[in-house]
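Written below as structure tokens is the structure these notes are about.
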Amino acid sequence: MMEVIIETTEELNQEYANAIKQTLVKEINDRFSSQLKLNDLDKIVASLNFGVSLNQFQEENGLPVEHTNDKLAQAVAKTLHLRKDNQVKSVIFIRLELILEMFLEENTGYGYHFLHHELCHVHDDWNKEYLMKDFIDQYRKDTGSELQNILLRHSMTIWSEYIAVRLSSESYPRKEFDFFIPHLFNLIRRAKEEIPNEIDNYRFNGDINKLFIRAQELINPVMKFTATVLGYIHGLNINNEAILDGLDNTFIIDIWTQLDKEFNRLFNSYPDWESIDQFDILNSLILSVLNDFGIYPEDTSVGLYISVP
């Protein structure tokens, strides 16, 4: 039985919070239960102190303490997964103001959409756990290749965002999504500026592991947000020519068409995946971006070797 926790404030008393809970549960059951697999949804937590509540829950349950929170972006919601009574359970954390916005007479629709998006993460994780067992079992095992393990983790992150966006795109409250494009450009610009600086630092301090970790930290958000943009393009059937013009002369333009085709291929076969080979092309595209920046990781008999000529 799904639990809903609404954090009370001076303006939001317990009676009003309880009314929101009841309405929210009914809304989810009426609108989404027939479309999405939400059997593993344990609770939804709407918090005024989103970051604090999220981090505290992660610490208490032995999960990595993390969420997007930097000068370019701040998370508004996050779905966590943990084992409870030998079952995988999902917990959604969402900013309280987004839930309250859903109950305003004049609401923007973003609260509803972001909740829908997180519910699609729950649905995707149910599919992975129960319909894609061979695939997910292989993913969780050590492949014997350190580089392959790293690339698979990135591919899973990128795919998971794409599928949640595409499945929830129908509730996006605007036909255009210009809000997303400047953010993608900012992420690309940051990676383009900072990775060469990190390479210069490596040539001075010789710490190749630090460089490799930092390069991934800068490239992963670009790839993940590219997946977000393509998820909306495919879900809303939007022409992407204007976006391509803006991406010209960036490192993403070289793989955009391949990502476009690959995400559609994966979507058309989802969730009937039996092997982690499904991610081979995504893995190669992520590796090609690292290579474009002059970073060449490879497996050797003594472990991962990273060349920066």
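The values are calculated or read from the model by the stated rules, or taken from the named source; none is laboratory data. Computed from a prediction, not measured in an experiment: that's the story for all the values here. All Cβ positions, glycine included, derive from the backbone under ideal geometry; neighbour counts span all protein chains shown.
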> Hey, among 231, 235, 294, 246, which residue is small (Gly, Ala, Ser), surrounded by 13 or more Cβ atoms within 10 Å (Cβ to Cβ) and on the phi > 0 side of the Ramachandran plot?
Replying inline: 294
> Applying the selection to the range 184-210, what residues are basic (Lys, Arg) and either in contact (Cβ under 8 Å) with a residue 12 or more places away in the chain or within 27 Å of residue 303 (Cβ to Cβ) (or both)?
Replying inline: 190, 192, 203, 210
> Does residue 123 fit the bill of being surrounded by 17 or more Cβ atoms within 10 Å (Cβ to Cβ) and either modelled with pLDDT under 95 or in contact with a Ser or Thr (Cβ under 6 Å, 6 or more places away or on another chain) (or both)?
Replying inline: no
>> Just checking, does the range 30-49 include any residue being under 30 Å from residue 218 (Cβ atoms) and either in contact with an Asp or Glu (Cβ under 7 Å, 6 or more places away or on another chain) or polar (S, T, N, Q) (or both)?
In response: yes
> Only one of (1) over 21 Å from the mean Cα position of the chain (by Cα); (2) under 30 Å from residue 190 (Cβ atoms); (3) basic (Lys, Arg) is not met by residue 78, so which one is it?
Replying inline: (1)
> Scanning for something in contact with an Asp or Glu (Cβ under 8 Å, 6 or more places away or on another chain), without any contact (Cβ under 8 Å) to a residue 40 or more places away in the chain and either farther than 26 Å from residue 18 by Cα or in the same structural domain as residue 296 (by TED's automatic domain parsing) (or both), does the range 127-146 turn up at least one residue?
Replying inline: yes
> If you scan the range 256-269, which residues turn out to be out of contact with any helix residue (DSSP H, G or I) (no Cβ under 7 Å at 6 or more places or on another chain), modelled with pLDDT of 95 or more and closer than 30 Å to residue 246 by Cβ?
Replying inline: 261, 265, 268
